[in-house]
Amino acid sequence: MEHIKKLINWIDSHILEISLPEHELHKVINISKSKLEKDFERCMNEKILGYIIAKKIKAMIDLKQKNPNMTNVDLMVKANYNYSERTLRNHLKQHKTQINDSFMDDFDSNFFHNVSVFSEILVRFILFNKISKLKFEGNSALITLNVKDTILQFDGLFPIEDKHFYRIFLNIDNLSLSFIHLGIQRRGDKKHLYRPEKISQYFSYLYNINEKIKKHINYSLLKTIKNWDEYIKSMMSVSFITSSYVLELNDMKSMPPLEINKKSKFIQATDSLVNDIKQNLLNRYKRRFVKLFGVSYETLVQYRHFTEKNDYDGMKNILLNINTLKNCNVIELFLELTRCPYLDDSLINGINSEFGEDVISILYKCSKNMLIYYIIEYRKQIESLSEEEYEDFDFNEWLSQLIKEFSGEK
């Protein structure tokens, strides 16, 4: 298929520009999105989203090697990788044979977490004061904040910022929210986003805003983080320059995870705003699961629970009640949940199945009872392997042999 070969060349040369998960590659070759997905899978024997993700991960690794000082958030922004931190971790694990250990070692989960804490407080502040509106895009929410000529400049000494960007994701496994500060757009530069690389910059920013508005509000932003004063004392390098509201800090070598103070008046006053975001995103996921698979979110939660506990009777009962189980996409969904009992947005935006199209097509032709038998045997096989054995085990070959052995009905 000449149009797919042409598109692959375009993808390879524009991989950083392609936005995920909501790409519009069908417009590049002027065909429908559904036709593109079918033609790509037929030609390449893999889904287009999986192909792009693999290419993006490789591009992020290359960027990290060329620019060791880039943070992982910088890499996500640069690569237009609009997934949650958990999904990035899953994708890195799936492609870890291509990744050197230093990349994984540099993945600072505490930094991600701490930036998320500050970003959540700032998002609450923005929405509470109606400074900007929330926009839902796919499986996430985006806030674009115009800060030109306002007190919300991150760098108060050189106020050349135009916009700040925040994105919010829902972890559908535990229903927690992740807040990502995507970056800062500076005046005259719409192509690049600047991102603070030190957590002390966020402390200073929050302190700066609080000092400027404290006469006009009846709450304190500084009380939104537990043990704020202890962190400040541990990082203090010079002093408060109160005339310009600058808080000069040194970063701690190993910053522990920060925690939002749930007893703060401001946090309590804005909890309803956060809960609304959570419910809206959850409802969007629920609709997507039903639309794509004909399966409710609640059913997937139950199956995930039974699988994690290796409750094979519970797994079987759930599968018996799935009316759409004989659909190839649904088969892949439950194989993935059987392999890894964890719910995340990759289940909607691209499952990288361990099984080839030939095996999936055979499972599709099986009776429902045999299909359920193979899925449960798959889980039993996974549990029988050590971590080292699992890494080298050929599940595709194993399942092919199992199907040959049980070619009759059970």
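Each Lys and Arg adds +1 at its Cβ and each Asp and Glu adds -1 at its Cβ; summed about the Cα centre, region 292-349 shows a dipole of about 180 debye.
For Cα pairs less than 8 Å apart in space and 6+ apart in sequence, what is the mean separation divided by the residue count of region 281-410, i.e. the relative contact order in percent?
24
What aspartates and glutamates could a cross-link reach from Lys226, if we take a straight Cα to Cα line under 16 Å and drop same-chain neighbours fewer than 8 places away? Leaving aside aspartates and glutamates fewer than 8 places away in the same chain, those within reach of Lys226 are Glu120, Glu259. Under 5 Å between amide hydrogens, built in the peptide plane, is the criterion, and for Lys163 it picks out Val147, Gln185 among residues at least 5 positions away or on other chains.
Beyond 27 Å in Cα-Cα separation lie the following of the pairs Lys55/Lys163; Lys148/Lys212; Lys66/Lys191; Lys135/Lys291; Lys309/Lys368; Lys35/Lys135: Lys55/Lys163; Lys35/Lys135.
Cross-link reach is defined here as a Cα-Cα straight distance under 14 Å, omitting same-chain residues fewer than 8 places apart; for Lys47 the aspartates and glutamates meeting it are Glu37, Asp39, Glu332, Glu354, Glu357.
The chymotrypsin sites (Phe, Trp or Tyr not before Pro) of region 304-410 that meet both conditions, a loop assignment by DSSP and at most 16 other Cβ atoms within 10 Å of the site Cβ, are Phe393, Phe406. Annotation: peptides 119-128, 28-37, 279-288, ranked by per-residue average of other Cβ atoms within 10 Å with the highest first, follow the order 119-128, 279-288, 28-37. Estimated at the nearest 10 Å², the accessible area of Asp313 is 110 Å² with a 1.4 Å probe.
The values are calculated or read from the model by the stated rules, or taken from the named source; none is laboratory data. None of the values given here were measured: they were computed from a predicted structure. Cβ atoms come from the backbone with ideal geometry, glycine included; neighbour counts cover every protein chain shown. Note: areas computed on protein heavy atoms with side chains; ligands, DNA, RNA excluded. Shrake-Rupley method; radii C 1.70, N 1.55, O 1.52, S 1.80 Å.
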